Each structure stands twice: as C-alpha cells, then as structure tokens.
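Each remark here refers to the structure printed beneath this line.
What follows is calculated from the coordinates using simple rules that are stated; it is not laboratory data. As the structure is a computational prediction, the values presented were derived from the model and not from experiment. Using ideal geometry, Cβ is built from the backbone for each residue, glycine included, and neighbour counts are taken over all protein chains shown.
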Amino acid sequence: MSDVPIAGDMPFAVEVEKGKTYNWCACGRSRAQPWCDGSHEGSDIVPRQFTAKYSEKVWLCGCRRSRHAPFCDGAHNRPG
Ligand code: FES
C-alpha cells in the first residue's frame, strides 16, 4: 500500500461500537479520514470494511503502511 497517499503521520484514535460495521479509507484520499467518503472511485482501491468486536477506542492506520490495516501496527514509526 505504499503507492497510495498517506492520510497522516499518526494513527487515528476513534471510538467504535460493538457490532457496528465501518469502512476504513484504504486509498488515503478521503476528506473524512479515517473513514471512506467515496473518493476512491475510479481507482482499483476499495475501503477495508471491519465490524467492531467491542465498544472501545481503536487506533486506525493513517500512514497506510500497517500490515494489520485498518489497525495501526506502529509502521508509522518505521523508516521507509
Ligand atoms: S475514500 Fe479512500 S477507500 Fe474510499
């Protein structure tokens, strides 16, 4: 995913609700980060959908380099 624009240098801390489905922006173009706003249309990238297992705060990837997207894995701290 290194060929997509980064949405930020840091993860997005967001509250999610157990059982609710979310669409994380995988293309980096959304103006509603970290959520998909449809700006990926015309590309071959689609949002990453996930359903929250718990009601909790999660950290979603902003640099688009996480190996566990949509969740941050600390990739923003790694060089390259
Ligand atoms: S706007 Fe980025 S994946 Fe939809």
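In this calculation the C-beta distance from ARG78 to ALA13 is compared with R0 = 25 Å, giving a FRET efficiency of 0.80. Using the Stokes-Einstein relation with a Kirkwood hydrodynamic radius computed over Cα pairs, the translational diffusion coefficient of the chain at 25 °C and a viscosity of 0.890 mPa s comes to 194 µm²/s. How charged is the neighbourhood of ARG48? Take every other residue with its Cβ under 13 Å from the Cβ of ARG48, and add Lys/Arg as +1 and Asp/Glu as -1. Local net charge: +2. Proximity of backbone amide H atoms, modeled 1.01 Å from N, is registered between TRP35 and CYS25 at under 5 Å, excluding neighbours fewer than 5 places apart on the same chain. For chymotrypsin sites (Phe, Trp or Tyr not before Pro), the sites in the chain that DSSP calls loop and that have at most 11 other Cβ atoms within 10 Å are TYR54.
Can you give the longest stretch of the chain with no exposed loop site, where a site means trypsin sites (Lys or Arg not before Pro) in a DSSP loop (not H, G, I, E or B) with at most 12 other C-beta atoms within 10 Å? Longest site-free region, per DSSP loop and neighbour criteria: 32-52.
Across the chain, the mean sequence separation of Cα contacts (distance under 8 Å, 6 or more residues apart), normalised by length, yields a relative contact order of 37 percent.
Rounded to whole numbers, the Karplus 3J(HN,Hα) couplings from phi for region 18-30 are 3, x, 8, 9, 10, 10, 7, 5, 9, 8, x, 9, 4 Hz, using 6.51 cos²θ - 1.76 cosθ + 1.60 with θ = phi - 60°, and x at Gly and Pro. Which residue, VAL58, VAL14, VAL46, has the most motion in a Gaussian network model of the chain that connects Cα atoms within less than 10 Å? For the chain, modelled as a Gaussian network with Cα springs under 10 Å, the answer is VAL14.
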